[in-house]
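The values are calculated or read from the model by the stated rules, or taken from the named source; none is laboratory data. The structure displayed is predicted, hence computed values, not measured ones. Glycine gets a Cβ as well: all are built from the backbone with ideal geometry, and neighbour counts include every protein chain shown.
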């Protein structure tokens, strides 16, 4: 069997998901090919994620990354690249780790009788987020987007849709039963790491050991609410030894805040800035170094691996009370969820959460939540269909989301509607 992973975009977390799929296929009697952008070795994500695995797959690097600034053209051209990869590589099975937008354009191309994949090529695709789920219930806009989205997925010809957001799967099961039959809720995998003390983690990161630390790691932009976090930290009336660690790639609007209103705190070392690509090791160390992890995303659809990583390392979080972030925080006792767009509310949450961080104990429900999102469990899900087609049993049983919910905490307002 020839299995192709179609991922032309090397940026962000995309090669991390490719790495998980490659590892999931290890030991199976298949030929594995990665269809991706030309010269992927030039990207830092390749060096960190795929270079050690390069002998585990064949490389087909003539499927260029399209310009992401135009969402429609990006998805349309990426879908065209998918059709070309199916024709040229002649796979039996294709996995698309980043299907958002692309799957809809695969459907559009089929409906317009454009070149598409042969019917004999079975395909799986993963979605990071689904926007209609987060639109206010009862609105025509939500209804229209849901109907169009469900029609597109149905017309795509793709057999299996993977989602990493349980809110999405809940809504799909309730509102789009035709798609639900082809839907799987899969883990957003997080590495199991040896425990590292705060002192050791700070030493390895080159950060002052004393004082309390709030950590935020990832892309530093307004969508992730970094501007809100900085301003709330400035208003929180914390001790002079309390610091905020910002680690990731900084966008111009955040650099402007740090060079302007927040400059005194940067100059004094109370805001610690680490600008650049964050390796898996740095990410783990930043969370281990923290007393509190900030996940103050302003606009966010779907899962957030930083929330899962904080739970895995037993660090409390401050996060939004909306969507996946708010529900997951409450359901598994991961910390404090609040209205982050109100600076005073967020500042108070930072202050209170930091005071309580020393005595933070994860709830028993958090342990199953972390186990579900383990790399080992995720790899079982990714290899499941290929194993079925090969007639091979899984080496161990899957940890299902239903089993995770058995120990979950009741939500304060009761179970939400789909």
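At a glance:
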{"item": "Verdict on residue 335 being on the phi > 0 side of the Ramachandran plot, crowded, with 19+ Cβ neighbours inside 10 Å and touching a strand residue (DSSP E or B) at 6+ places or on another chain (Cβ under 6 Å)", "result": "yes"}
{"item": "One residue from 186, 293, 217, 196 being in contact (Cβ under 8 Å) with a residue 60 or more places away in the chain, more than 23 Å from residue 351 (Cα to Cα) and within 19 Å of the chain's Cα centre (by Cα)", "result": "186"}
{"item": "Among residues of the range 191-204, those that are modelled with pLDDT under 95 and touching a strand residue (DSSP E or B) at 6+ places or on another chain (Cβ under 9 Å), counted", "result": "3"}
{"item": "Filter result for the condition that a residue is surrounded by fewer than 24 Cβ atoms within 10 Å (Cβ to Cβ), in contact with a helix residue (DSSP H, G or I) (Cβ under 8 Å, 6 or more places away or on another chain), assigned by TED's automatic domain parsing to the domain that holds residue 211 and not in a loop (DSSP other than H, G, I, E, B), over 347, 311, 330", "result": "347"}
{"item": "Selected residue [crowded, with 21+ Cβ neighbours inside 10 Å, touching a helix residue (DSSP H, G or I) at 6+ places or on another chain (Cβ under 7 Å) and either assigned by TED's automatic domain parsing to the domain that holds residue 360 or farther than 21 Å from residue 14 by Cα (or both)] from 234, 247", "result": "247"}
{"item": "Residue tally, condition out of contact with any strand residue (DSSP E or B) (no Cβ under 9 Å at 6 or more places or on another chain), within 23 Å of residue 382 (Cβ to Cβ) and part of a helix (DSSP H, G or I), over the range 172-190", "result": "1"}
{"item": "Residue in the range 360-373 that is touching a strand residue (DSSP E or B) at 6+ places or on another chain (Cβ under 7 Å) and modelled with pLDDT of 95 or more present", "result": "yes"}
{"item": "Answer residue from the range 120-152, given it is within 21 Å of the chain's Cα centre (by Cα) and assigned to a loop (DSSP other than H, G, I, E, B) and is nearest to residue 186 (Cα to Cα) among those", "result": "128"}
{"item": "Residue selected from the range 153-165 under the condition surrounded by 19 or more Cβ atoms within 10 Å (Cβ to Cβ) and under 23 Å from the mean Cα position of the chain (by Cα), by the criterion farthest from residue 300 (Cα to Cα)", "result": "158"}
{"item": "Failed condition for residue 382, given (1) within 16 Å of the chain's Cα centre (by Cα); (2) crowded, with 21+ Cβ neighbours inside 10 Å; (3) more than 30 Å from residue 24 (Cβ to Cβ)", "result": "(3)"}
